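Only one structure is covered here, and it is reproduced in the block below.
The values are calculated or read from the model by the stated rules, or taken from the named source; none is laboratory data. Predicted model, so just to flag it, every value in this text is computed and none were measured. Reconstructed Cβ throughout: ideal geometry from the backbone, glycine too, with neighbour counts over all protein chains shown. Surface areas here come from the heavy atoms of the whole protein model, side chains and all, with no ligands, DNA or RNA. Shrake-Rupley method; radii C 1.70, N 1.55, O 1.52, S 1.80 Å.
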Amino acid sequence: MPPDLLSLTRICQTEETALRAIFEDIAAAFAPPYDTKIRARIASLLTLAEPRRYALQRAHSFHLHAPDLHALPMHAPQRQYFHAVLRHLRLYPAAITRLTTALTQRPVPLFPPAPPPYGPAAQTLALHSRTWDRMHAHLSPHTPNLYHDTPGHHGDLPYPSTDFLRYAMAARRICLAMDKHAPAFLDVGCGIGLKVFQAAEVFAQSDGLEYEPVHAATGQAMMQRGGWPDARIFHADALTFDRYGDYDVLYVYKPMYGDALEQMEARLIGQAQPGTLLIAPYTDFTTRFETMGCTRIEGFLYIIRPPRSLPAILKRATKVGCALPARPKNGYVEDGFLSPLHLALRRWGHGD
């Protein structure tokens, strides 16, 4: 006679508890650069998980033949419990594949090589940037211009979005390599905030500072409509702002010129915490970054007062995954015994 549902439920719960404990141990061991010792530890834990998974599958299969199952309504809690077990079992192969891929993948450069000019990939990137520039011109309350009415200030100028995203993605991976798993981003002089809008897909917190009140208001409304209620675009003066130290990644693109720009740079770098990343894509800064305590990582990406371990950090960053942070959606809290593994994969850029 098949076991009753109560007995099968207890068996499944026991096996799920054991599997969760195993995946908690895997999550604790899973951290780049995934050396031989880490891979061996995780392999041994996966060996322990297999018989538990088989026992869980077996108990789940038996429940289909339990006589008391057929008397239950479709939405009865016991039916829903076994449906959840099946979902977790179906997620298992993909999660293990992502884990093994992360453990064995070759280092991924922080800046992949540019595609051949005039090829389809390069033209797609160019089209992407041109489209975003047109969107910027459409959304901005004022026509984008080089100079603002206030002396020393530039107008709202767009920077190519594809270049910005290359730097933002590299900065996120370096932050994770420094064990900053919820990095905060600030665009200094963000205009209407399109870069803040894009950065919200990459960083845990994405803010923008803007001198022109109407631009700040336009940008904040766009954040709300676009589904980023926690992203903030606020009206402030970069020359008096005193919270640069709250951010892990700072982005500056020609908000000012002349002496005002140098004053802003000095204030920003002086307040920033050691190891803060700075994206500053303008040529003026390339002539003075070394005298201001910054080290160039590549191109226009710098690090402020870098730690002595910077070479090791950059090497570790090549083993951090490129997956974007998971956007909130239903189901993550229902990962069951796989939840510790899914969280660890997302933590190191290898999740979904």
Computed [θ] at 222 nm, helices only, for the chain once each DSSP H run of length n ≥ 4 contributes -39500 (n - 2.57): -16000 deg cm²/dmol
For region 240-255, 3J(HN,Hα) per residue [Karplus equation, 6.51 cos²θ - 1.76 cosθ + 1.60, θ = phi - 60°, Hz, x = Gly/Pro]: 10, 4, 10, 10, 4, x, 7, 10, 8, 9, 10, 10, 9, 9, 6, x
Compactness relative to 2.2 N^0.38 Å, alpha carbon Rg of region 176-223: 1.21
For the chain, built as a Gaussian network whose Cα springs stay under 10 Å, the top-fluctuating residue of Ala200, Ala280, Ala121: Ala121
Rg to Rh quotient for region 214-253, alpha carbon positions, Kirkwood Rh: 1.00
Inter-site label distance for Arg288 and Arg90 at 7 Å from Cα along Cβ, in nm: 6.0
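Taking only Cα atoms of the chain, what ratio of Rg to Rh do you get with Rh as the Kirkwood inverse-distance radius?
Here Rg/Rh amounts to 1.09.
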Exposure of Ser309 as accessible area (Å², to 10), given a probe of 1.4 Å and all protein chains: 60
Nearest-20 debye value, the chain charge dipole, Cβ charges on Lys, Arg, Asp, Glu: 1420
C-alpha long axis of helix 5-29 to longest principal axis of the chain, angle in °: 40
Taking the chain and dividing mean pair separation by its residue count, relative contact order in percent (alpha carbons under 8 Å, at least six apart): 19
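Beyond 26 Å, what share of the Cα-Cα pairs of region 219-352 remains, rounded to the nearest whole percent? The partial results should precede the final answer.
On the way: 3727 of 8911 pairs.
Looking at region 219-352, the distances longer than 26 Å represent 42 percent of pairs.
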DSSP beta bridges in the chain [antiparallel fraction, %, rounded to 5]: 35
